[in-house]
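The values are calculated or read from the model by the stated rules, or taken from the named source; none is laboratory data. None of the values given here were measured: they were computed from a predicted structure. Because the Cβ atoms are built from the backbone with ideal geometry, glycine has one as well, and the counts that use them run over all protein chains shown. Protein only, heavy atoms only, side chains kept; ligands, DNA and RNA dropped before computing areas. Shrake-Rupley method; radii C 1.70, N 1.55, O 1.52, S 1.80 Å.
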Amino acid sequence: MREQFKGVVLVILLGLFALAGALIPGTQIAYAHEISIALTLIAVALGYRIYRHGIRSLLHKNITAQLFATIAIFISVIAGLLIPSASATGTAEAVGYLTASAIVAFIILAGMTLEDYIIHRTRGALETLIKMSPKTARVRRDGEEVQVPIDEVKKGEIVLVKPGDNIPVDGTVLSGHSAVNQATITGESIPIEKTVGDRTFAGTLNENGALEIKVEKTAEDTTLAHLIQLVEEAQEKKAPIQNIADRFTTYFLPIMAVLSSSVFIASYFTLGFEVALARTVTVLLVACPCALSIAVPVAVAATIGNASMNAIIIKGGTHIEKLKDVTLVAFDKTGTLTIGEPRVVEVKTFGNYSEADTMKYAAIAEKFSEHPLSKAIIAKATEMNLKIPDPTDFKTIPGQGVDAHFGNKHILIGRKMTETMISVEANQLMSKVENEGKTAIPVALDKNVIGIIVVADTVRKNSLEAIQRLKRLGVKTAMLTGDNVRTAKSIAEQVGVDEYHAELLPEQKVAYIGELKKGNVVAMVGDGVNDAPALANSDVGFAMGAAGSDVAIETADVALLGDDLTKVEYAISLSRKAFNRMKGNIVYAFIWNIVALSLAAFGILNPVLAVVLAEAGCISVVINSALLLLSKPKPLSKIKG
């Protein structure tokens, strides 16, 4: 913002000098003409930013608005000094060359300042990320708490975070309990409870409890640092459509040299030297590819900024163009459409036993087991606030189940352990559950089956909506999984994908991506680790839940920082909107330049009006692109393909 402030001050000074230079010749002041020349030359000199940009672009063989402005202002000043009484046009509204050059410098600098400010606003998301990164950390060293610069914090050290402070490091909670707002990293609106063993991210807000955190990543390696770097790099990467504008501006200078020479020669032989010079200067001032050159870059910056504010990292303009063409999205199942871990979803009971009884005895038997299904049972019992005493003895029989005792009670867990005790009713229920792709775990107490615990990898709460959003957008969906056919079918029916393919190895997923790409532009959504080959071989790879996973962020073209699958549709919709805005900007800028050049060549514009018209074109393109920052996800009912 400091540069924008300097620009505003310079514009005001420049405007005052230009105005003074224009007014003095009409007053009765001694040496008025000389004072006017001095003031206007000062005004022209204050536009040094324009000339610096112009000369720099010439040295780098780039064609910019500032280069044309520098040439035109230079010619105006020379003409004004050599022909002080010369008029800037052949019309009655003549403006002196020196005054015109000062006003031209003022208008261009004002336009540059406004453009810089708007472009700065398109990078607001990046600025927010940078501001969220703490500059210091409170570290425990030699038994004392010391405040040190974040760059000096070492891996393995203990960082203390008070309520209301931003967490300075990626690490693991050693002690304490708090709610942490992770919106800047994952996009989650609700604070997440953090306790011993939980991971933390730099830049997130510790809301209400003190935490001691063991540092796992130094400042330059944190998730936040990676995100800042990715957004910076993405905003610099060109979209392929930018090549159209680049090719045009490459040939623009020679064309303008021919045009301005033709205008001078034609006007010189018909209307005289002064008019010829005025029209040539006007053509040079209006011959500015500014609007065309920024038509795409500002739209790309605004799109990436908007996406990052919605916890989506799009890694450059190339991926924006690919995203807008996506016709089919393939999803991994485990950990993407589903939570990715088994959970107890239902408890069926028999006789006089309750859900609590069934869960209590199952949890006692499974208390010391390391099996993933055991953890699901323990988690459910804990959620039900059940006390889980230790079993008197227990043994796990691989492939069969658990045999345990609690006091004088004999507990058996597992289908094979209880197969002689299962009633017809229980057997039918288990078959029904397993046909739905779920796991049925019978629980027997003293040789009587008292209940069946149903365990499944549950569908994420927003998976169904995510698929519905894509369908309303006109995008087909598929699910690729290594799981069995029954489970795959059950999940596919729950979320509503158009097709599913089960029992696939990673290399088979890659082969299916290849098949799907025949006639489709395919995006693949996965966790970025086991799905890395499929992500890499799709047209656009989405890594989901990428916060904290360097592999996921590096693998994907688009990284979803949280677990909200509805962001896939928004990324595609935003890219389509952005691309249409880019195309519109290019067409608009091209037409604007043609009209302005025609008016200048025929003497309808004087130099000041020429610059006003040129800057208006640039600013309108910038504003049109910056409006992408205001885009928001639509409600499901309003999404259209």
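Residues that are assigned to a loop (DSSP other than H, G, I, E, B), farther than 22 Å from residue 302 by Cα and either open to solvent by 20 Å² or more (accessible area, probe 1.4 Å) or at pLDDT 85 or above (or both) occur at least once in the range 544-562.
Looking across the range 328-349, just one residue is open to solvent by 20 Å² or more (accessible area, probe 1.4 Å), of a type in the set (Ser, Thr, Tyr) and at pLDDT below 90, and that is 334. Out of all the residues in the range 389-403, is one or more farther than 18 Å from residue 344 by Cβ and touching a residue at least 40 places away in the same chain (Cβ under 8 Å)? Within the range 389-403 (the criterion being farther than 18 Å from residue 344 by Cβ and touching a residue at least 40 places away in the same chain (Cβ under 8 Å)), the answer is no, since none of the residues qualifies. On inspection, residue 614 does not qualify as open to solvent by less than 60 Å² (accessible area, probe 1.4 Å) and touching a strand residue (DSSP E or B) at 6+ places or on another chain (Cβ under 7 Å).
Taking the range 289-316 as the region of interest, how many residues are in contact (Cβ under 8 Å) with a residue 60 or more places away in the chain and under 27 Å from residue 256 (Cβ atoms)?
Initial filter on the range 289-316 (in contact (Cβ under 8 Å) with a residue 60 or more places away in the chain): 289-296, 298-316.
Now narrow it down to the ones that are under 27 Å from residue 256 (Cβ atoms): 289-296, 298-300.
So the answer is 11.
For the range 253-308, residues that are under 40 Å from the mean Cα position of the chain (by Cα), open to solvent by less than 30 Å² (accessible area, probe 1.4 Å) and farther than 30 Å from residue 575 by Cβ total 5.
Looking at 474, 519, can you tell me which residue is open to solvent by 40 Å² or more (accessible area, probe 1.4 Å), more than 26 Å from residue 378 (Cβ to Cβ) and in contact with a Gly (Cβ under 6 Å, 6 or more places away or on another chain)? Please lay out each step first, then the result.
Details: 519 fails: in contact with a Gly (Cβ under 6 Å, 6 or more places away or on another chain).
Unique residue meeting the criteria: 474.
Just one of 626, 614, 610, 601 is among the small types (Gly, Ala, Ser), within 22 Å of residue 316 (Cβ to Cβ) and touching a residue at least 24 places away in the same chain (Cβ under 8 Å); which is it?
Going through 626, 614, 610, 601 in turn, the sole match is 626.
Quick check on the range 446-466. Is at least one of its residues closer than 30 Å to residue 517 by Cα, modelled with pLDDT of 90 or more, open to solvent by less than 10 Å² (accessible area, probe 1.4 Å) and assigned to a strand (DSSP E or B)? Among the residues of the range 446-466, not one is closer than 30 Å to residue 517 by Cα, modelled with pLDDT of 90 or more, open to solvent by less than 10 Å² (accessible area, probe 1.4 Å) and assigned to a strand (DSSP E or B), which makes the answer no.
Screening residue 479 with (1) surrounded by fewer than 20 Cβ atoms within 10 Å (Cβ to Cβ); (2) touching a residue at least 60 places away in the same chain (Cβ under 8 Å); (3) aliphatic (A, V, I, L, M) gives one miss only, at (1).
Matching residues to (1) farther than 17 Å from residue 440 by Cα; (2) of a type in the set (S, T, N, Q):
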position	(1), (2)
344	no, no
349	no, yes
387	yes, no
394	yes, no
410	yes, no
419	no, no
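Taking residue 164 as the residue in question, decide whether it is of a type outside the set (A, V, I, L, M), surrounded by 20 or more Cβ atoms within 10 Å (Cβ to Cβ) and either at pLDDT below 65 or in a loop (DSSP other than H, G, I, E, B) (or both).
On the way: of a type outside the set (A, V, I, L, M): yes; surrounded by 20 or more Cβ atoms within 10 Å (Cβ to Cβ): no; either at pLDDT below 65 or in a loop (DSSP other than H, G, I, E, B) (or both): yes.
Against the criterion (of a type outside the set (A, V, I, L, M), surrounded by 20 or more Cβ atoms within 10 Å (Cβ to Cβ) and either at pLDDT below 65 or in a loop (DSSP other than H, G, I, E, B) (or both)), residue 164 does not qualify.
Across the range 312-327, the qualifying residues are those that are under 16 Å from residue 570 (Cα atoms) and open to solvent by 10 Å² or more (accessible area, probe 1.4 Å), and the one among them that is modelled with the lowest pLDDT is 315.
Quick check, is residue 352 open to solvent by 20 Å² or more (accessible area, probe 1.4 Å) and either under 30 Å from residue 511 (Cβ atoms) or not β-branched (Val, Ile, Thr) (or both)? So that I can check it myself, show each step before the final result.
Working: open to solvent by 20 Å² or more (accessible area, probe 1.4 Å): yes; either under 30 Å from residue 511 (Cβ atoms) or not β-branched (Val, Ile, Thr) (or both): yes.
Yes: the conditions hold for residue 352.
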